[in-house]
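A.B. asks: Structure incoming, see below.
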Amino acid sequence: MFTYLDPTVRKRLEEHGKLFQIDRHGVRVPIGRRPDGTGISVLGPIPLPLRLGEHEIEVDWYACVRRTELGKIEEIADELRAQHGQTLFATLASSMAVNSVLVIGDPASWTEPLVRVHSSCMTGDVFGSQRCECGPQLEMALRRIQQDEQGGLVIYMSGHEGRGIGLWAKAATYLLQDAGENTYEANRSLGLPDDSRDFSDAGALLKFFVGNRPFRLLTNNPKKVNDLEAMGLEGITRVKHVTGVGDSNRRYLAAKQDWGHELTPEDIGED
Ligand SMILES: [Zn+2]
């Protein structure tokens, strides 16, 4: 992965502990070891002062990428066999995707940190689109973690655009939605899975950063908790995370509710 880094730069980063590798179980492994294709290379911590509106937040950023492209291809084959193609689109769309971990507070002091695993959303997170509530959810997660006694972390999954179908297909689903389909129907019209997100990298990163400690997960989606538990993570307490509801996304949230998200009629403004 880092073949384009000058070897002396790479060596210096390794010596300073700023470039390291973890395996699928979140265990730090020697970087010189022959990559097995399932490890994650991590660069960080990188101090990243954030400004969100009026608020400033000090975070430590870690950039995280899968160890090899070869491993990626092998993994696609394995995942397709094991999951009947469910993650095909997420895996292809996230090829060489760099995930981010944003750490707030001192991990050494955590007993039950607050965690958000956030799926990337160009339109919501970056452009401020109100067709979904991703932007406000990300911002509120950072604020809640900052205000929490213990702090915690955000894992930003860069390959999760459109629940794993990628930005191009997401744009098409928006046009289908405007023709009357809901967010899940639109995916099916394009022959795409309802949800093809792969949380295995998030699982490994949580094992590394949180370890065996219990943690609180900011999500309304019980399936996300199940997916992480299936990777061997234990002691997850779900914490409701509702924000950014408005006229432009009420229908989208109602579809999420039908899909199993734990949202009450009051949450989405239906009295
Ligand atoms: Zn979104």
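The values are calculated or read from the model by the stated rules, or taken from the named source; none is laboratory data. These numbers were taken from a predicted model, which means no experiment stands behind them. Neighbour counts run over all protein chains shown; Cβ positions are idealised from the backbone, glycine included. Surface areas here come from the heavy atoms of the whole protein model, side chains and all, with no ligands, DNA or RNA. Shrake-Rupley method; radii C 1.70, N 1.55, O 1.52, S 1.80 Å.
A.B. asks: Restricting the search to segment 255-267, which residues are of a type in the set (A, V, I, L, M, F, W, C) and free of Cβ contacts under 8 Å to residues at least 60 places away in the same chain? Step through it out loud before you land on a result.
C.D. replies: Going through segment 255-267, the residues of a type in the set (A, V, I, L, M, F, W, C) turn out to be 255, 259, 263.
Correct list: LEU263 only.
A.B. asks: Please go through segment 222-243 and pick out each residue that is touching a helix residue (DSSP H, G or I) at 6+ places or on another chain (Cβ under 8 Å) and closer than 16 Å to GLN137 by Cβ.
C.D. replies: Those that are touching a helix residue (DSSP H, G or I) at 6+ places or on another chain (Cβ under 8 Å) and closer than 16 Å to GLN137 by Cβ: ARG238, HIS241, THR243.
A.B. asks: Got a number for residues in segment 120-144 being assigned to a loop (DSSP other than H, G, I, E, B) and within 8 Å of the ligand (Cβ to nearest atom)?
C.D. replies: Final tally of qualifying residues: 5.
A.B. asks: A further question on this structure: State which residue pairs qualify: first residue at positive phi and inside segment 121-146, second residue within 9 Å of the ligand (Cβ to nearest atom) in any location, beta carbons under 8 Å apart, and separation of 6 or more residues or different chains.
C.D. replies: Pairs that qualify, where the first residue is at positive phi and the partner is within 9 Å of the ligand (Cβ to nearest atom), are GLY128/GLY135.
A.B. asks: Only residues that are more than 16 Å from the ligand (Cβ to nearest atom) and either among the aromatic types (Phe, Trp, Tyr) or closer than 19 Å to ILE165 by Cα (or both): list them for segment 96-119, please.
C.D. replies: MET96, ALA97, VAL98, ASN99, TRP110
A.B. asks: Oh, and also: From (1) open to solvent by 20 Å² or more (accessible area, probe 1.4 Å); (2) touching a Gly at 6+ places or on another chain (Cβ under 9 Å), pick out the condition that doesn't hold for LEU228.
C.D. replies: The single condition LEU228 does not satisfy is (1).
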